[in-house]
Structures are given as C-alpha cells and as structure tokens.
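> My structure is below; once you've seen it, I'll send some questions.
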Amino acid sequence: GDNMKKFLLNASSGIGDIMFFLPAVLALKETYPDSQIGFLFRGDETTKETVSSILSIAHNKIDDLQYYNNSNFIHNFKVLLQLKLQKYEYGMILKYDGQSKSVWAALILKLVGCKTIALDGYVKENQYIDNIVPVAKRENIHNVDRCFECLKYFGINSEYNENIYYRRIFNKEKIEKTYTQLNLGLSNEEFIVLCVGANKVSFKINGKYKSNDVKNWPIENWIVLANSLNKENIRVVLVGGKNDIKKIIDCKERLDNSILNLVGRMNIAESISILEYAKMVVGCDTGLMHCAASLNKRTLMLLGGITPIQAQGYGKNSESIYLHKQCSPCFGTGKDVFCNDPVCMKEISVENVLERILNIC
C-alpha cells in the first residue's frame, strides 16, 4: 500500500551530520511504517564503521548503508548496481549550507532511478534534481530544521521536529548496557563532560579538498578549565577522538589527578553512553555535542565560524558562546580554510566559559 515507499537518503557522514538527519528518518518511518530507508554517503569502510557504531545504540530505522568514493570507480559501480536492484523510488539530499556542493550524489540517485528531492542550491545548478524545495538562509534556520524542509514534499510538517528529537534517537537500554560495561564508577549526573577537539573544516577548491583546524578551542584552555572546575569540587571527564590524543599528551601532567581523561580511549557508542549520565556537556562545534543535545542534556557550545542559530545544540537546553566577530560566520564560504588566526575561538576566555558553566549548573 501507500506505506511501502522506498527512500534513499544522501547526507554527510560526520557524527553531527548524522544527528541532524536522523530525526527526519524517524519522521519518515512514522509516516510510512512499512517503508525501506537507505543511507548513501561519501566515505570508505572506516566511515561506515563510525555510522554503524552510532546506529548500534540508536533506534535504528535505516535498512541499508552504502558509500561512494570519489576515487574508487569499481566500488561505485558495484554500489550503483546494488542500489538499482533495491528499486528505490525517492532520493533525498539532506545537506546543509556550508558543505561543498557536489553533483556526485545527485547523479547516483538519478542513475538509480529515484525521483530526487533537494533543497534549492544544494547541488550545483540543481543538476539531476526533480523537485527543488525552497529554503531559508542559513543564518535563519537550524541544520535539523533544514533537513525537515525536504520532508514537506511528503506533507510532513516541521512541528514534528522537537517531539521526535529528544530522547527518541537513542535507545535507552542499549546506552545503559554500554555504560554499565565501561564500569567507570561514576554515578548519574555527578560529573561534567568536556568534549575536547573538533574536526577540521574542509572545502573543495578546484576539485581538491583543503582543510583547516579552526573550530577548536586551544587545548591549554581546556586544561585550565578542567582544573578550575575541579577546584569548584565538580567532577570532570574529558572525552575526544583519537586525533585529539596528540594535543593532550603534552599537557597531561598539568591535569589534576582526579580528572578522568578518556580522550581517544572510547569508541563513539561508549562516548555517547557517557554523555547520557553527565550533568552537563561542554565543547566546540563537534558531533558529540549534537549527540548530547539529542539526549536532552544541558549543553554549552563554543562557536566561532558558524552561527548559533545554524549549529548550536538543538532545543531549549542548549546554549552557546559566540563572539559575533566581524569576519564571522565564515563556515562554508571558503574563507574558513584559509584562516590563519581564528580569533573567534581564541578570544573566548576560560573565565567566560567557567562563569557560564557555574551559572547553568
């Protein structure tokens, strides 16, 4: 019947990007309970593992994960054949402003035989797009709401977003099980998590990706903040990816002994389970912060090159510090990858962050 629709969704595969579009997946599944949903992203096997790890503790409604790779033609051809066999009816490109515009995904969806829906301007000259949905300027709309704009094509309204976002993406039992196995000896809401580190920004220039580390707050600041919170008798847990280990190694001996440093020691699912038990989560524009927001945690985000309306944690419990620099927002303009002095992040003071945390707590 009408519920048996087949959707192939294309979105970016960063942790935050996944948190932006999973509510749309849940909304599709609730509207069309018997539907089949595939997720197509640019990446490789490592990317696929990250996506699988997040979905392993989520209420997973995605039936099929497939990636394409700009440099692996044979792999892309095989994926194309597999997707054609699935007979997907609708393709949706759920990207947000600031990401490199590429026709690759739209071309694949076209070749698969999908009727493709995308927001205006997400694909160069809207090539291969059957239904173009108008969208507000990036300054005026959160990335979660942006993904919902596409769903209007199916009569799904965005009042739906907030109800579906909180406590609905992740599976509570799976999170509890993951956390119990970690055996950290920390009870509920007695600690604050600091997410140190953030991915680099990247932008396609003349066919090549250039990247730059401008979303981070200096590691020294995180160390000073952690020690200051510790002096206020607040337990602190540090989390971050493997890329952040190098940064923290040099400062490790300056960290107070009672601070639990888990940077680089947890996989994504384990990190998310730690967020669930935290009193509050603080970090830059990074995927784990968006996971914390979807767990309905109090979050404080340090933002520089991107505005709070577009990228702070989604919902009422999320706050941010943003200095409104003249050169900001620069995310996705190409200027961000050439910035040598990210004053928008460097000038956020430890005192300011500490004061905000104490006020929120």
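The values are calculated or read from the model by the stated rules, or taken from the named source; none is laboratory data. Worth saying up front: this structure is predicted, and the values here are computed from it rather than measured. Please note: Cβ atoms are built from the backbone with ideal geometry, for glycine as well, and neighbour counts cover all protein chains shown. We work out accessible area using only protein heavy atoms, side chains counted, and drop any ligands, DNA or RNA first. Shrake-Rupley method; radii C 1.70, N 1.55, O 1.52, S 1.80 Å.
> Within region 336-361, which residues are outside any helix (DSSP H, G or I) and buried (at least 17 other Cβ atoms within 10 Å of the Cβ)?
As a first pass, look at region 336-361 and keep what is outside any helix (DSSP H, G or I): 339-342, 347-349, 361.
Answer for region 336-361, where residues must be outside any helix (DSSP H, G or I) and buried (at least 17 other Cβ atoms within 10 Å of the Cβ): C339, P342, I348.
> Still on this structure, I have one more. Would you be able to say whether some residue in region 251-258 is closer than 22 Å to E189 by Cβ, open to solvent by 10 Å² or more (accessible area, probe 1.4 Å), in a loop (DSSP other than H, G, I, E, B) and among the acidic types (D, E)?
yes
> Additional query: Quick check on my filter: what residues within region 287-322 are in a loop (DSSP other than H, G, I, E, B), β-branched (V, I, T) and surrounded by fewer than 24 Cβ atoms within 10 Å (Cβ to Cβ)?
Restricting attention to region 287-322, the residues satisfying the condition of being in a loop (DSSP other than H, G, I, E, B) are 295-298, 304-307, 312-317.
Next, only the ones that are β-branched (V, I, T) stay: 306-307.
Passing the criteria: only T307.
> Next up: Take the residues in region 194-210 that are surrounded by fewer than 16 Cβ atoms within 10 Å (Cβ to Cβ) and touching a residue at least 12 places away in the same chain (Cβ under 8 Å), then tell me which one is farthest from N69 (Cα to Cα). Don't jump to the end; show me each part of the working.
Filtering region 194-210 for residues surrounded by fewer than 16 Cβ atoms within 10 Å (Cβ to Cβ) gives 200, 202, 204-210.
Among the residues that remain, those that are also touching a residue at least 12 places away in the same chain (Cβ under 8 Å) are: 200, 202, 204-205, 209-210.
Working: K200: 20, S202: 16, K204: 15, I205: 18, Y209: 14, K210: 17 Å.
In this case the residue turns out to be K200.
> Also, I was wondering about something else. More than 26 Å from V337 (Cα to Cα) and not in a helix (DSSP H, G or I): which single residue out of L238, L225 fits that description?
Details: L225 fails: not in a helix (DSSP H, G or I).
Criteria check complete, one pass: L238.
> Of the residues S202, S258, S211, S271, which single one is within 25 Å of I57 (Cα to Cα) and among the hydroxyl-bearing types (S, T, Y)?
Working: S202 fails: within 25 Å of I57 (Cα to Cα); S258 fails: within 25 Å of I57 (Cα to Cα); S211 fails: within 25 Å of I57 (Cα to Cα).
Checking each option against the conditions leaves just S271.
> How about region 22-63: which of its residues are among the hydrophobic types (A, V, I, L, M, F, W, C) and closer than 19 Å to Q86 by Cβ?
Here is the first cut: in region 22-63, the residues among the hydrophobic types (A, V, I, L, M, F, W, C) are 22, 24-28, 37, 39-41, 51, 54-55, 57-58, 62.
Result: V25, L28, I37, F39, L40, F41, V51, L55, I62.
> Please go through region 211-233 and give me each residue that is open to solvent by 30 Å² or more (accessible area, probe 1.4 Å) and either at pLDDT below 85 or among the β-branched types (V, I, T) (or both), ordered by number.
V224
> When residues of region 1-48 are filtered for being β-branched (V, I, T) and touching a helix residue (DSSP H, G or I) at 6+ places or on another chain (Cβ under 8 Å), how many remain?
Just the residues of region 1-48 that are β-branched (V, I, T), to begin with: 15, 18, 25, 31, 37, 46-47.
From what's left, touching a helix residue (DSSP H, G or I) at 6+ places or on another chain (Cβ under 8 Å): 15, 18, 31, 37.
So the count comes out to 4.
> Looking at region 20-38, is at least one residue out of contact with any strand residue (DSSP E or B) (no Cβ under 7 Å at 6 or more places or on another chain), part of a helix (DSSP H, G or I), open to solvent by 20 Å² or more (accessible area, probe 1.4 Å) and not charged (D, E, K, R)?
yes
> Now for a different question. If you go through region 272-282 one residue at a time, do you hit one that is among the small types (G, A, S), assigned to a helix (DSSP H, G or I) and modelled with pLDDT of 95 or more?
So the first thing to find is which residues in region 272-282 are among the small types (G, A, S), and the list is 273, 278.
After this cut, where a residue has to be assigned to a helix (DSSP H, G or I) as well, the list is 273.
Adding the requirement that they be modelled with pLDDT of 95 or more leaves 273.
So far as region 272-282 goes, yes, one or more of its residues are among the small types (G, A, S), assigned to a helix (DSSP H, G or I) and modelled with pLDDT of 95 or more.
> Limited to region 185-222, what total is found for residues that are within 20 Å of C361 (Cβ to Cβ), of a type outside the set (G, A, S) and in a loop (DSSP other than H, G, I, E, B)?
The initial filter retains those residues of region 185-222 that are within 20 Å of C361 (Cβ to Cβ), namely 186-196, 217, 221-222.
This time we only want the ones that are of a type outside the set (G, A, S), so: 186, 188-196, 217, 221-222.
Those still in the list that are in a loop (DSSP other than H, G, I, E, B) too: 186, 188-190, 196, 217.
Final tally of qualifying residues: 6.
> What are the pairs with Cβ atoms under 8 angstrom where one residue, in region 100-126, is in contact (Cβ under 8 Å) with a residue 40 or more places away in the chain and the other, located anywhere, is in a helix (DSSP H, G or I) and open to solvent by less than 40 Å² (accessible area, probe 1.4 Å)? Sequence gap at least six, or different chains.
Short answer, once both residue conditions are applied: I108/N76; I108/V79; I108/L80; I108/L83; V112/L80; V112/L83.
> Being open to solvent by 60 Å² or more (accessible area, probe 1.4 Å) and either over 25 Å from K101 (Cβ atoms) or hydrophobic (A, V, I, L, M, F, W, C) (or both) is the filter here; which residues of region 57-83 pass it?
The answer is H59, N60, K61, D63, F73, I74, F77, K78, L81, Q82.
> Also, quick follow-up: Enumerate the strands (runs of 3 or more DSSP E) found wholly within region 86-144, keeping only those where 3 or more residues are buried (at least 20 other Cβ atoms within 10 Å of the Cβ). Break it down into steps so the answer makes sense when it comes.
Details: elements: 90-93, 115-119, 131-133.
Where strands (runs of 3 or more DSSP E) fall fully within region 86-144 and carry at least 3 residues being buried (at least 20 other Cβ atoms within 10 Å of the Cβ), they are 90-93, 115-119.
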